[in-house]
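First comes the structure, then the notes that go with it.
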Amino acid sequence: MQTGPATKSAPLNAPRDMASHFMECGALDTNLTLAPGARLVITDDLLNGTVGDLAALSMAAIVGRDAMVAKAAVLPLGIAASKLGVADRARYERLFALIEETAFDSGVRESAEAMIHSRFRENQIKELAAEIGGTVGPARQRYRAFLEVVKLLAEKKISEALFLDEFLEFTRAVAGKLDFGIYALCVDRLFVSSQVPIMVKASLCKEVCKYPPLVRKELITNLLSSPKAERELVDYARQEVAKVLTHDQLTEIVLFTTLKLAWAAQRERPQKARA
């Protein structure tokens, strides 16, 4: 795992001011994306320079809802601070004090506090890097193992019931450890895969409706706004959320789905213009 930002061009659809975009994600109480309607940010984006702007990194650390992503944003900031002389480090100390006071995630607040107390020493930075790698690495290995289970389902070598059991076990094993962006992508693909039976998808949808509100909102609205999802599944998802969610929760789902559809329409306009 890399521990510092590298020079790398921004994604083609990245907003000009990614820090402001991240602030908007925080205001919407949703996970960070690389741009409106784009994929979710994962830890690699903070560590390999995809998100290299210090203001964006700072905002990611403060408003990031994915604990691993938010904590990964602290690392390049700490590295940048460690390279400065004592006289020039004051602004980073103020920044880390702000992160410690206002970050959404408690683990990020603790990491910021530790950086300040260590005066951004290399050992503290290495400790944080090891913590992130030691958590995300095994979770990604578990994710790759689950992909083999998906393959077995596609080849009809395991039963639907066994697959659902494996999915639940996989979810329990990686909760809070795997980048949510990777987990969400996995679920999104299951929902639209032609090799996954519709009854399995319906069962997955029912399970997702039991998830914590933020996770549920992201996954359900991805399904409801997906142009690739089967109409039967989308209709089932609407019926299911109507049964289990409160009026306010359902309203939030509807509004966020509408927002995602609007983002998708905005992305399609330039493509149609070039066609």
Looking only at the stretch 179-203, how many residues end up being within 19 Å of the chain's Cα centre (by Cα) and in a helix (DSSP H, G or I)? 12
Considering each of Thr43, Thr33 in turn, give the residue that is modelled with pLDDT of 95 or more, closer than 16 Å to Leu259 by Cα and not acidic (Asp, Glu). Thr33
Checked pairs for the stretch 99-118, first within 14 Å of Asp66 (Cβ to Cβ), second surrounded by fewer than 24 Cβ atoms within 10 Å (Cβ to Cβ) and of a type in the set (Gly, Ala, Ser), C-beta under 6 Å and 6 or more apart or across chains, list as Asp105/Ala67; Gly107/Ala67
Could you go through the stretch 131-138 and let me know if any residue there is of a type outside the set (Val, Ile, Thr), in contact with a helix residue (DSSP H, G or I) (Cβ under 6 Å, 6 or more places away or on another chain) and either assigned to a helix (DSSP H, G or I) or over 19 Å from Val41 (Cα atoms) (or both). no
Somewhere in the stretch 180-196, is a residue crowded, with 18+ Cβ neighbours inside 10 Å, more than 25 Å from Gln141 (Cβ to Cβ) and not small (Gly, Ala, Ser)? no
Taking Gly64 as the residue in question, decide whether it is buried (at least 24 other Cβ atoms within 10 Å of the Cβ), within 22 Å of Ala130 (Cα to Cα), in contact with a Cys (Cβ under 9 Å, 6 or more places away or on another chain) and touching a residue at least 12 places away in the same chain (Cβ under 8 Å). yes
Would you please name the residue that is nearest to Val136 (Cα to Cα), looking only at residues in the stretch 63-114 that are of a type in the set (Asp, Glu) and not in a loop (DSSP other than H, G, I, E, B)? Glu110
For residues that are free of Cβ contacts under 8 Å to residues at least 24 places away in the same chain and among the hydrophobic types (A, V, I, L, M, F, W, C), scanning just the stretch 158-208, find the one that is nearest to Ala67 (Cα to Cα). Ala175
Contact list, first residue from the stretch 211-238 and within 20 Å of Arg65 (Cα to Cα), second anywhere and part of a helix (DSSP H, G or I) and among the hydroxyl-bearing types (Ser, Thr, Tyr), beta-carbon distance below 7 Å, six or more apart or interchain, is Thr221/Thr257
Looking at (1) at pLDDT below 95; (2) within 22 Å of Val200 (Cβ to Cβ), which is the one condition that is false for Ser159? (1)
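The values are calculated or read from the model by the stated rules, or taken from the named source; none is laboratory data. The structure presented is a predicted model; accordingly, all values stated were derived computationally and were not measured. Glycine gets a Cβ as well: all are built from the backbone with ideal geometry, and neighbour counts include every protein chain shown.
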